[in-house]
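What follows is a short report on a single structure.
The values are calculated or read from the model by the stated rules, or taken from the named source; none is laboratory data. Keep in mind that this is a model prediction, so the values were computed, not measured. Quick reminder, even Gly has a Cβ in these numbers, built from the backbone with ideal geometry, and neighbours come from all protein chains shown.
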Amino acid sequence: MPFKYLARVFTIALAVASCTPAATNPTPTAPAPTATAAASRPASAIGVVIDPTMRRWYLVPDPRAPSAATMRLTFDSDPAAAAPSVRIRQTGVESPLAPSGNGNLWGTTLDLHGIAPGGYAIEVVERLASGETVVATKEIVISEPEYVVWTLDFEGDASSDQALANTAAIADEQEIPMTIMWNPRVWTTTQVSAARADAMLSWTKARVANGDELSLHVHMWTDFVRAAGLVPRTAPNWAGRSDGYDVPITAYPEADQRALLEYSLRLMAERGLARPTTFRAGGQFANDATLRTLAALGFVADASAVPAGVFGRLPYPWTLAADAQPYRPSATDANKSGDLRLLEAPTIGGNTYAFDVRTIQPIIRADLSYLAPAGEIATTRRAITIVSHPGTIDATERAAITALFEALTPLRYDQDKGPVRFVTLAQLAQAWP
């Protein structure tokens, strides 16, 4: 077993867009009705029921979601004479309601662009002979989004059917997308049988067809490096091995790093895999040369970065804080923001390898500390990347990972409980400002 390394307005339906909040000008209310119009208004309010399945939580819009909320209400009788509308009390943003063609069911879309995080009241307004009146109210909250990315690193060695089944079961049971980081070394070694490599490839293709993301992960195995036409190295290394697994990609010059990545992409294409756009280097070791190469090859995100520290025999090349957030790195300093067309998504959420339900508790506490507490609004967009390995997830680690994800359940946006969205690494790159 290779040495392993660190670590869900109105539904009614509301969907959200735009990354950066902008000033919102309140929609002017309708001008005062003339005496004739006022005389035609109802004398008393018309009862209304807001769709009881409407959600409470909404997110500051991002590029992956529309910019308006669709709202549906059922009135006791035809409300046309009352010219009903919905309005956000705090901002004045207002939208008239219109019949949906189904009895007294009326609806509208409500623009949420530029509305800052906070608690809001959506009011249903009717115009009566005596004036405006609010006949129903729905309390909602708007929050910055918080993202969780679950990455799965293939290490280049064999993964059993049982481990792959455990991995898939977690994703399916928890309804969490996976970023599957394929390692092409399985095709360049005699240590993994062709039958096992084919089984792993079939599993990966099926998961990608199901909506998971295909990504790339490489270790500097000597047989892999040699197959790429380069001279393999066995030092420096983080674990004292002699097979290259524990040699950082940073030990190779930039031209060699590019050759290894291009070779990996070619191997994947030859076997019917789509070209990945996200990456993680073995052992989390990457540098400015790695990031420049990734950007030049069209990758959109890297998840090699970790907080500063030491791994085995080697210090990490990273100087980041424990809660480091995604950034666009500099072409000359992987630790600093710059102008590379690539998102660096630090793996701050931990590595689940070899944990059980008890020992993973510190990781759970740390991950929760990076996010807004349950029931509270996030005022800052944040992200956590977590790493596991589809080759090591036995029953014990499966239980630990399940405990981690279940600890995040009270925060989930898809369950209308909070601002946390589970996304793939490529989706994070698209959503991040």
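Report, by residue number, each residue of segment 335-367 that is assigned to a helix (DSSP H, G or I) and of a type in the set (Val, Ile, Thr). Within segment 335-367, Ile363, Ile364 qualify.
Listed by first and then second residue, the pairs linking a residue in segment 172-199 that is among the small types (Gly, Ala, Ser) to a residue that is surrounded by 24 or more Cβ atoms within 10 Å (Cβ to Cβ), with Cβ atoms under 6 Å apart and 6 or more places separating them unless they lie on different chains, are Ala197/Val186. Within segment 204-214, being crowded, with 19+ Cβ neighbours inside 10 Å and part of a helix (DSSP H, G or I) holds for Thr204, Arg207. Residues considered: Leu216, Leu164, Leu230. Of these, the only one that is touching a strand residue (DSSP E or B) at 6+ places or on another chain (Cβ under 9 Å) and either assigned by TED's automatic domain parsing to the domain that holds Ser264 or at pLDDT 95 or above (or both) is Leu216.
Filtering Thr137, Thr108, Thr70 for residues that are at pLDDT 95 or above, part of a strand (DSSP E or B) and of a type in the set (S, T, N, Q) leaves a single hit, Thr137.
The residue list Arg258, Arg275 contains one member that is farther than 18 Å from Met181 by Cβ and of a type in the set (D, E, K, R), which is Arg258. The number of residues in segment 269-292 being within 28 Å of the chain's Cα centre (by Cα), assigned to a helix (DSSP H, G or I) and surrounded by fewer than 21 Cβ atoms within 10 Å (Cβ to Cβ) comes to 4. Leu265: assigned to a helix (DSSP H, G or I) and not aromatic (Phe, Trp, Tyr), yes or no? So Leu265 passes the test.
What do you reckon, is Val125 β-branched (Val, Ile, Thr), modelled with pLDDT of 95 or more, surrounded by fewer than 17 Cβ atoms within 10 Å (Cβ to Cβ) and over 21 Å from the mean Cα position of the chain (by Cα)? So Val125 does not fit the description; no. Just so you know, in segment 376-404 the residues that are hydrophobic (A, V, I, L, M, F, W, C) and in a loop (DSSP other than H, G, I, E, B) include one that is surrounded by the fewest Cβ atoms within 10 Å (Cβ to Cβ), and it is Ile377. Beta carbons closer than 8 Å, at least 6 apart along the sequence or on distinct chains, pair a first residue in segment 288-316 that is basic (Lys, Arg) with a second that is part of a helix (DSSP H, G or I) and at pLDDT 95 or above for Arg292/Glu254. Of the residues Arg56, Arg89, the single one that is under 26 Å from the mean Cα position of the chain (by Cα), surrounded by fewer than 19 Cβ atoms within 10 Å (Cβ to Cβ) and basic (Lys, Arg) is Arg56.
The C-beta contact set for segment 352-379 (first residue farther than 21 Å from Gly118 by Cβ, second residue hydroxyl-bearing (Ser, Thr, Tyr) and surrounded by fewer than 20 Cβ atoms within 10 Å (Cβ to Cβ), distance under 6 angstrom, 6+ apart or interchain) comprises Asp356/Thr396. Residue count for segment 139-195, restricted to those that are more than 20 Å from the chain's Cα centre (by Cα), among the small types (Gly, Ala, Ser) and under 30 Å from Ile88 (Cα atoms): 0.
Among the criteria (1) surrounded by fewer than 18 Cβ atoms within 10 Å (Cβ to Cβ); (2) part of a loop (DSSP other than H, G, I, E, B), the one Arg226 does not fulfil is (2). From the list Asp302, Asp367, the lone residue that is under 30 Å from Glu139 (Cα atoms), of a type in the set (Asp, Glu) and surrounded by 15 or more Cβ atoms within 10 Å (Cβ to Cβ) is Asp367. Filtered by the rule that a residue be in contact with a Pro (Cβ under 9 Å, 6 or more places away or on another chain) and either over 27 Å from Asn237 (Cα atoms) or hydrophobic (A, V, I, L, M, F, W, C) (or both), segment 340-372 gives Leu340, Leu342, Leu343, Ala345, Ile348, Leu371, Ala372. Residue count for segment 144-169 satisfying the condition of being out of contact with any Phe, Trp or Tyr (no Cβ under 7 Å at 6 or more places or on another chain) and in a helix (DSSP H, G or I): 8. In segment 375-383, the count of residues that are on the phi < 0 side of the Ramachandran plot and either over 18 Å from the mean Cα position of the chain (by Cα) or at pLDDT below 95 (or both) is one or more. In this structure, Pro373 qualifies as surrounded by fewer than 18 Cβ atoms within 10 Å (Cβ to Cβ) and under 19 Å from Val60 (Cβ atoms).
Of all the residues in segment 170-203, those that are touching a Ser or Thr at 6+ places or on another chain (Cβ under 7 Å) and in a loop (DSSP other than H, G, I, E, B) number 1.
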